[in-house]
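Contents: one structure, followed by commentary.
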Amino acid sequence: MSRFDFLGAVSIDKICALDERETLIDGFLLEKSINIVWGKSGLGKTWLCFAIAKYLSNLGVDSVYIDADNGIDLIKDRGYDEIIKELQGRITYINADFMDDSKTQMQKTLELIEEGAANGYEKALFILDSLSFFLGDGIYDEIKIYKLITFCKKIRRAGGTVIIIAHATKGGTNLRGSSSLINSVDEVWEVGAQPSKAGELNFVLSPYKQRLDVKESAFNIELKGCKLNHAVPENIKIDEKEAALIEQIKSALLSGELNQNKIYKALEKSKGDRGVQAVLDRFCGVYWDKFAGSGKNINYKLL
């Protein structure tokens, strides 16, 4: 007993239990965490989050996807509807387009989620798409940010995990929002899209805070089936030297198909140059295709 029991202080055991987190996706996502995933528009952040939800469904995690960013037409055009149907029973999908008064009805949805926290949200993922809707013109409004983070913390205390999708500033180099928003969540991930083959997406996600047991992570997504595959960041990132070679090869192939020897010549490289050949092999199916030519030659042409 303490003379200050009337203050209703939470026990130290309960406080420590909140920090006991299981890993959901190695190096990237932990349970009972609040995460912001941000990047330029059109990168494929929605694909990424649907793929995460599907991946976690195989681990017994249910998802609630609250979508105020993608219209109904877009959902069907991009094939998200097929993912939602496949995950029926494991994902609850709420779209603002079906609401007459989206602001009011979405607020009611958030209130219902808060009420449900009393029953616990273990093995539950909540995706909010996107931050600009839930904060509106208050992306830098401290009161609105406080209310949203308070909502997210209630989910976290109930055992749930939160991913908030956010957009970059017009320049594309920074997250739209105040520093207090960044400071209030567990991790902030910058999403970088990398070159990928048709029907696939490659991402490298860089953590900003590194408060949790996380690290730079990479994923490949097969769009057909929305399959999330782990990747090694170094294997899908492009360095400056590779980027320069890609542009040189693409420029050489503008005149038509060429065999590898003619590509070496166009780039003023010696035959069999390992750097050029590595780029030709790695980005075959991304920027160009290859096929058998005359003799033992391999020909390349732009896609």
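Read-outs throughout are calculated quantities, based only on the coordinates presented, and are distinct from any laboratory measurement. Owing to the predicted nature of the structure, the values given are computational and were not obtained by experimental measurement. Positions of Cβ are backbone-derived with ideal geometry, glycine not excepted, and every protein chain shown enters the neighbour counts.
Extension gain VAL232-ILE15, at 0.36 nm per residue separation less the Cα-Cα distance, in nm? Working shown, then result.
Values: separation 217, 0.36 × 217 = 78.12 nm, distance 3.49 nm.
The span from VAL232 to ILE15 would gain 74.6 nm if fully extended.
Normalised radius of gyration (Cα atoms, divided by 2.2 N^0.38 Å) for the chain: 1.21. Overall, the anisotropy analysis places the range 57-129 in the oblate class: the square-rooted eigenvalues a ≥ b ≥ c of its C-alpha gyration tensor yield a/c not less than 1.5, with a/b not exceeding b/c.
Neighbour counts of C-beta atoms inside 10 Å place HIS230, HIS167 in the sequence HIS230, HIS167, starting with the fewest.
A straight Cα-to-Cα reach below 23 Å connects LYS265 with the lysines LYS241, LYS250, LYS290, LYS296, LYS301, residues fewer than 8 places away in its own chain not being considered.
Residues GLU122, GLU20, arranged from fewest to most other Cβ atoms within 10 angstrom of their Cβ, appear as GLU20, GLU122. Label-to-label distance for ALA292 and SER102 is 5.4 nm, based on points extended 7 Å past Cα in the beta-carbon direction. Scattering from the range 240-302 was approximated by placing one identical point on each alpha carbon and applying the Debye formula without solvent; log10 I(q)/I(0) at 0.12, 0.17 1/Å stands at -0.23, -0.48.
A Förster distance of 45 Å, applied to the separation of the beta-carbon atoms of LYS271 and LYS153, puts the FRET efficiency at 0.15.
Taking the DSSP beta bridges with both ends in the chain, the antiparallel portion is around 50 percent.
Legend: calculated FRET efficiency, LEU74 to GLU200, from the Cβ-Cβ distance at R0 = 22 Å, rounded to 0.05, equals 0.65. Each of LEU302 and LYS241 was given a label point 7 Å from its Cα along the Cα-to-Cβ line. The distance between the two points is 2.6 nm.
For the peptides 103-110, 156-163, 67-74, the ranking by mean Cβ contacts within 10 Å, running from highest to lowest, is 156-163, 67-74, 103-110. The stretch between ARG282 and PHE6, if pulled fully straight at 0.36 nm per residue, gains 92.8 nm over its current Cα-Cα span. Is the shape of the range 147-202 best called rounded, prolate or oblate, per the rule: a/c under 1.5 gives rounded, else a/b larger than b/c gives prolate, else oblate, with a ≥ b ≥ c the square roots of the Cα gyration tensor eigenvalues? Verdict is oblate for the range 147-202. Evaluated over the range 1-114, the count of Lys pairs having alpha-carbon atoms less than 18 Å apart is 6 (only pairs 8 or more residues apart or interchain). Among the trypsin sites (Lys or Arg not before Pro) found in the range 1-86, those both in a DSSP coil and sparsely packed, with 14 or fewer other Cβ atoms within 10 Å of their Cβ, are ARG3. Taking all Cα pairs closer than 8 Å and separated by 6 or more residues, the relative contact order of the range 91-191 comes to 28 percent. Look at PHE203, PHE151 and count the other Cβ atoms within 10 Å of each Cβ; fewest to most, that gives PHE151, PHE203. Near LEU24, the amide H atoms lying under 5 Å from its own belong to LEU29, LEU30, GLU31; only residues 5 or more places off or on other chains count, and H is placed 1.01 Å from N.
Let a ≥ b ≥ c be the square roots of the eigenvalues of the Cα gyration tensor of the range 27-83; is it rounded (a/c under 1.5), or, if not, prolate (a/b larger than b/c) or oblate? The shape class here is oblate.
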